[in-house]
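The values are calculated or read from the model by the stated rules, or taken from the named source; none is laboratory data. Treat the numbers as computed from the prediction; the structure is a model and nothing was measured. No Cβ is skipped: glycine too gets one built from the backbone with ideal geometry, and neighbour counts run over all protein chains shown.
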Amino acid sequence: MSIRPDHWIARMAREHGMIEPFQETQVREGVISYGLSSYGYDLRVSDEFKIFTDVYGATVDPKQFDPRSFVDWTGTTCVVPPNSFALARSIEYFRIPRNVLTVCVGKSTYARCGIIVNVTPFEPEWEGHVTLEISNTTPLPAKIYAEEGIAQVLFFESSDPCDTSYADRQGKYQAQRGLTLPRV
């Protein structure tokens, strides 16, 4: 398995719709960078957020998640409370080829402020908007900027396609659109 460079990512985005919309260059002026980088793609966060709240005193249970544990927020910025988190989604829609695995990692600009994006893979033949978990590890409120970079996706290509893809297994998050809550 080898990591794929920018020209491979650009070709796959143009010819196969692997990333839509696709930003062919890295945008950096006055924003947290996004777009094509040397060996990956910096995705953007949309303006839709679900901010975690403890207003109902619920227990966080991935098998029976109470959607009332979130406050919906739409805006150009989102303030994540201290020691809490928010869910968001990527602007980009991804279609991962059968012989590719990705790893999505947080950007260092946010990490240097104590804001962590959950590390997650995009499995072969997964497609959809990426649901992101953004953790504020600090004792202070943390600001997130919509329509700017939030995480980097690294692409690993195998010389052999996998035997069973995410689509073959009919994965529960296949073709998700918008911000998707946990499912069992």
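A few points about this structure:
- When the stretch 99-122 is limited to residues that are buried (at least 16 other Cβ atoms within 10 Å of the Cβ) and more than 15 Å from the chain's Cα centre (by Cα), the one that is nearest to Pro182 (Cα to Cα) turns out to be Val100.
- With respect to the conditions (1) surrounded by 21 or more Cβ atoms within 10 Å (Cβ to Cβ); (2) more than 30 Å from Ser2 (Cα to Cα); (3) in contact with an Asp or Glu (Cβ under 6 Å, 6 or more places away or on another chain), Arg44 lacks only one, and its number is (2).
- The lone criterion from (1) of a type in the set (A, V, I, L, M); (2) surrounded by fewer than 19 Cβ atoms within 10 Å (Cβ to Cβ); (3) part of a strand (DSSP E or B); (4) touching a residue at least 24 places away in the same chain (Cβ under 8 Å) left unmet by Ala88 is number (2).
Each row is one residue, and each column tells you yes or no for (1) touching an Asp or Glu at 6+ places or on another chain (Cβ under 7 Å); (2) at pLDDT below 90; (3) charged (D, E, K, R); (4) under 25 Å from Thr102 (Cβ atoms).
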residue	(1), (2), (3), (4)
Phe22	no, no, no, yes
Glu29	no, no, yes, no
Gly35	yes, no, no, yes
Phe49	no, no, no, yes
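- In the stretch 1-41, of all residues being assigned to a helix (DSSP H, G or I) and aliphatic (A, V, I, L, M), the one that is surrounded by the fewest Cβ atoms within 10 Å (Cβ to Cβ) corresponds to Ala10.
- Output for the stretch 119-157, where each listed residue is out of contact with any Gly (no Cβ under 6 Å at 6 or more places or on another chain), at pLDDT 95 or above and assigned to a loop (DSSP other than H, G, I, E, B): Glu123, Pro124, Glu125, Trp126, Pro139, Leu140, Pro141, Ala146, Glu147, Glu148
- Yes/no for Ala167 being surrounded by 15 or more Cβ atoms within 10 Å (Cβ to Cβ) and in a loop (DSSP other than H, G, I, E, B): yes
- Cβ pairs under 9 Å, 6+ apart, first in the stretch 115-127 and in contact (Cβ under 8 Å) with a residue 24 or more places away in the chain, second in a strand (DSSP E or B) and among the polar types (S, T, N, Q): Ile115/Ser135; Ile115/Asn136; Val117/Ser135; Phe122/Thr102; Glu123/Thr102; Trp126/Thr102; Glu127/Gln176
- Residue list for the stretch 48-67, filter: in contact (Cβ under 8 Å) with a residue 60 or more places away in the chain, closer than 25 Å to Ala146 by Cβ and part of a loop (DSSP other than H, G, I, E, B): Phe65
- Checking Arg28 against (1) more than 14 Å from Glu157 (Cα to Cα); (2) within 17 Å of the chain's Cα centre (by Cα), the condition it does not meet: (2)
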